[in-house]
Every structure is written in structure tokens, then in C-alpha cells.
Amino acid sequence: MKCFKTETGVKITGVSDLDLAQTLDCGQSFRWAECSGGFRGIAFGREVTMRRDGDVLYIDNCDENDFEKIWKPYLDLDLDYKAVRESISALHPILSEAAQYASGIRILRQEPWEALCTFIISQNNNIKRIKGIVARLCETFGEPVGSGYGFPTAERLAVLEPDDLAPLRAGFRNKYIIDGARKVASREVRLENCRTLPYDEARAELMKIKGVGVKVADCALLYGLHRIEAFPVDVWMKRAMERLFPDMTPSDFGVYAGIAQQYIFHYSRMHPQLFK
């Protein structure tokens, strides 16, 4: 993989196992929008547009330094996903099929507070509504970034009251967002520690926040802290497990359980006939 400067940003050659639609629009992050053959979004205080052409990835409004420090880790480009697929495909024939079907998915390395907050918002919600609430949160309390707004910090939200979030139209989630912001800002909940704590302890740390249960904690750990052993189970994944893997539990998927979960989730969503 090599990075070269272009007139509008950078191009990275030798990129494999990356489908931008599967990765950026599969429910991991809620800040990307499809545009002219690519995706535009904001993360870590930067606004960029990404597009693929064969094994070349183009990132506009980006330089080589930002690619190395922000976008290469964000897209998890250092992990050999081909080797991961080979490892987990041996576990079950349906998982092998799902892994090949969704082979372009990578697990994003998002900013931990953003991932935690957006999955608090995701509770009992659909992707369109989640994106709307997150957009209003950023527009109302975030700093301007390019043509949009960055994600507001925990410190920015911690000084607010739940009623201050009324413009978001997030309902009962307002009090959970504020509780999470206050506990993260005060370091009562130490997000960075959750990268290295034993998994059950990391999950328990996040569950100190009101409204954060097992599923939200698992999502925050997987998408914000790159705990790829996490295996979030929502209603859809519960159905998929019962129908496709009735004799398996999340722990059976091993150290790459979170990647397996994404393959299963995408495969199941795209094959609704399996559940009729």
C-alpha cells in the first residue's frame, strides 16, 4: 500500500478488502453520505470525500500526514482482512458464505466518545432517524468543519441539561446522552482504559452510564475502541443467530467475533428470504 499526493488530496494504491458502501453505510457510523460515486463525511475534526477505483482509494481534502494518522487507522487498513476471513470461514459454512458476500466490510476505528454517544442514540431507533438526530446534535453543539460540523465533545455536552437537547428530537435518550457526557468528561467512566481492560470489565465500565446496556456497550467497544472480540446482538442479530447458527454462541466466533458479526449482519440484511 502506497500513498501519493494528488491535486485534490491523496490516492492510495494497493488497497484490498474495502467496500466503502459496505463499511461506511452499514450501521457502524452515522456521519457518511453517498455523493458522486463516493462518500463524504466528518471524523476526528476532518471532512473528506472517499471513493474507490479498483485497488486505488482516493481521499479528497486530505494530505499524506492525515492519511497516516487518521484515515489509515480509521479504515483499519493495517489489518489483513483476507487472513481474518480465512480464519473465521473455517468455523461454519454459512459464515464462510457471509464472509465472501460481505468481504469489503472493515471495522471502523471511530473516536470513542462519538461511537458511544451515537449508539446511545441508536436505541430503539432506525438508521434514518439516528442519522437525523446525530446531524442535529452536531449542527447544534459541534464546531464548524468544512461544509458541516464536528461531533461535540463530552465536555461540551456535560454542561447542558437534558432539556437543552430538545431540538434533537431524541426523546428519552436525552438524559442518557447527558449522563454519558458527564461521566466521560469527569472521567468517572474512563473510555481509553476500556481498550485494555478485560472485556467484561470494559463492558461494566461503560454500563455505569444510564441507559447503556450490554448491546450499546458492545457496539461502543467494537466501533469506538476496536475490541474486535465484541459481538453486539440486537433483535436482527438474535434472529440471524437463531436461524443460521442455532448451535453457536457469540464466544464461539473467537477473537474476530466482531468482524464475523458484521459479515453475518450484512449477509442477513441482504437475504431476507432466509427468515421467511
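All of the numbers you see were taken from the coordinates with simple rules; none came from a lab. Model, not experiment: these values are computed from the prediction. All Cβ positions, glycine included, derive from the backbone under ideal geometry; neighbour counts span all protein chains shown.
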What whole number of Å gives the distance from the Cα centroid of the range 196-224 to the Cα centroid of the range 1-77?
28 Å
For the chain, built as a Gaussian network whose Cα springs stay under 10 Å, the top-fluctuating residue of Ala33, Ala181, Ala257
Ala33
In the neighbourhood of Asp55 defined by beta carbon distances under 14 Å, the net charge of the other residues (Lys, Arg +1; Asp, Glu -1) is +2
Note down the relative contact order for the chain as a percent, whole number, built from C-alpha pairs under 8 angstrom at least six residues apart.
18 percent
Listed candidates [x] 131; [y] 122; [z] 148 - label of the one calculated as volume of the Cα convex hull per residue in Å³
[x]
Once the in-chain neighbours fewer than 8 apart are removed, the lysines whose Cα is under 25 Å from Lys82 read Lys2, Lys11, Lys69, Lys72
Can you give me the pair-distance distribution of the range 2-78, C-alpha pairs, 10 Å bins, whole percents?
19, 61, 20, 0
In sequence order, what are the phi-derived ³J(HN,Hα) couplings for the range 222-237 according to the Karplus relation 6.51 cos²θ - 1.76 cosθ + 1.60 with θ = phi - 60°, rounded to whole Hz, with x for glycine and proline?
6, 8, x, 10, 6, 8, 6, 7, 5, 9, x, 10, 9, 4, 5, 5
Would you grab the residues whose amide H sits under 5 Å from the one on Val145? Only those 5+ places off in sequence or on another chain, please, with H modelled 1.01 Å from N.
Gly150
Within straight cross-link reach of Lys175, meaning Cα distance under 27 Å, which lysines are found once same-chain residues fewer than 8 apart are removed?
Lys128, Lys131, Lys183, Lys208, Lys210, Lys215
Which residue, Ala166, Ala230, Ala135, tops the fluctuation ranking in a GNM of the chain built on C-alpha contacts under 10 Å?
Ala166
